[in-house]
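Written out below as structure tokens is the structure these notes cover.
The values are calculated or read from the model by the stated rules, or taken from the named source; none is laboratory data. Computed from a predicted model, the values in this text were never measured in an experiment. Note that each Cβ is placed from the backbone with ideal geometry, even for glycine, and that neighbours are counted across all protein chains shown.
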Amino acid sequence: MEVISEYLSFLFGSYANRVHYRQKVSIATLWTEERSQLFDLPQYEYEVFRYDSFAINKTGFVMIDSNRYGVSPELAGQVVQAKLWFDKIELFHDHRHLKTFRRSYGKNQECLDWRDYLPTLVKKPAAVTETKFFNEMPKLWQRHLTVTQGAERKSALLLLSEIVNEGNDTLCDEALRLASQQGRADTESIRQCYYFISRPEFLFSGNIRSTMNSMASVKYACPAQHHGRHGIILPKQTGRKSDANFFNYWEESCKWAQEKSQQKSGWRNGRRSYRNAQPAD
């Protein structure tokens, strides 16, 4: 691309020095005079779209050009505003952006996002495997929700909704995989693993020791090595490939916790030395 740009610059430069056949002056001179008469381009790009309003049906879909676009079923019966671009559709409700869809030019197609239906699925957990978008959910969570029932499935959906609402839907499978590798697939263990990989400050929580000690499949050869205020234990490497990422993250986190603990300890020692150096009354 750079070679082509250099060649065109050279070609146009040599062409600009030619004398115009009618004006009898160089083309570069004519271009300088004409450029002063041109208008500046607009500062903002001109947006080409069609503005329209649509009603949401009882199943949470908006019908546009014979195609159905799914929004939250909680907005059933409400009216949304839409910007119809040639390649996308933006939906707004009460001056708030809802969703952006890739515009479909087919017929009788459905465009939806499984994340929008989690609040509704929490109310009806038994119907989750029968939904049209079940296959679009994270693969590991599909298998997990299939083998769970009743209150356990509802609690799993609540956790999944919490992860999605925090914008960490890419960590859904990672948290479940980490808990499964440790032999625990209950909702509370998955939640603790999610906190572990998404919130570094969770290392200073008192729950971290009880959670990790409860995962019986991990063989901690724990030396008498504690870091931080809450006694974070640094486990040795078990050698299992499936635990490699887990232990690498654990070791890095403990190093970070140790540095923070040393900083606090140095500050306390400095304050204690200052107090001891003060003359007695």
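Provide a single number: the residues in segment 162-175 that are crowded, with 16+ Cβ neighbours inside 10 Å and among the polar types (S, T, N, Q).
So the count comes out to 1.
Condition check: surrounded by 15 or more Cβ atoms within 10 Å (Cβ to Cβ) and within 27 Å of the chain's Cα centre (by Cα). Does Arg103 satisfy that?
On the way: surrounded by 15 or more Cβ atoms within 10 Å (Cβ to Cβ): yes; within 27 Å of the chain's Cα centre (by Cα): yes.
When the stated conditions are applied, Arg103 passes them.
Does Leu112 satisfy being touching a strand residue (DSSP E or B) at 6+ places or on another chain (Cβ under 8 Å), under 15 Å from Ser66 (Cα atoms) and buried (at least 16 other Cβ atoms within 10 Å of the Cβ)?
Here the answer is yes, as Leu112 does meet what is asked.
Residue check: is Asp186 under 23 Å from Asn57 (Cα atoms) and either surrounded by 12 or more Cβ atoms within 10 Å (Cβ to Cβ) or of a type in the set (Lys, Arg) (or both)?
In short, no.
Run down Arg96, Arg35, Arg68 and say which single residue is under 23 Å from Leu118 (Cα atoms) and surrounded by fewer than 10 Cβ atoms within 10 Å (Cβ to Cβ).
Arg96
Consider Leu84 against the criteria (1) in the same structural domain as Ile190 (by TED's automatic domain parsing); (2) surrounded by 13 or more Cβ atoms within 10 Å (Cβ to Cβ); (3) among the hydrophobic types (A, V, I, L, M, F, W, C): it satisfies all of them except one. Which criterion is unmet?
Going through (1) in the same structural domain as Ile190 (by TED's automatic domain parsing); (2) surrounded by 13 or more Cβ atoms within 10 Å (Cβ to Cβ); (3) among the hydrophobic types (A, V, I, L, M, F, W, C) one by one, Leu84 breaks only (1).
Pick out the one residue from Leu178, Leu158 that is touching a helix residue (DSSP H, G or I) at 6+ places or on another chain (Cβ under 8 Å), surrounded by 20 or more Cβ atoms within 10 Å (Cβ to Cβ) and either modelled with pLDDT of 85 or more or among the charged types (D, E, K, R) (or both). Spell out the reasoning first.
Working: Leu158 fails: surrounded by 20 or more Cβ atoms within 10 Å (Cβ to Cβ).
Just a single option satisfies the conditions, and that option is Leu178.
Name the residues in segment 180-201 that are in contact with a Leu (Cβ under 7 Å, 6 or more places away or on another chain), within 20 Å of Thr148 (Cβ to Cβ) and of a type in the set (A, V, I, L, M, F, W, C), would you?
Matches in segment 180-201: Ile190, Cys193.
Of the residues Ala151, Ala127, which single one is free of Cβ contacts under 8 Å to residues at least 12 places away in the same chain, closer than 20 Å to Pro73 by Cβ and not in a loop (DSSP other than H, G, I, E, B)?
Unique residue meeting the criteria: Ala127.
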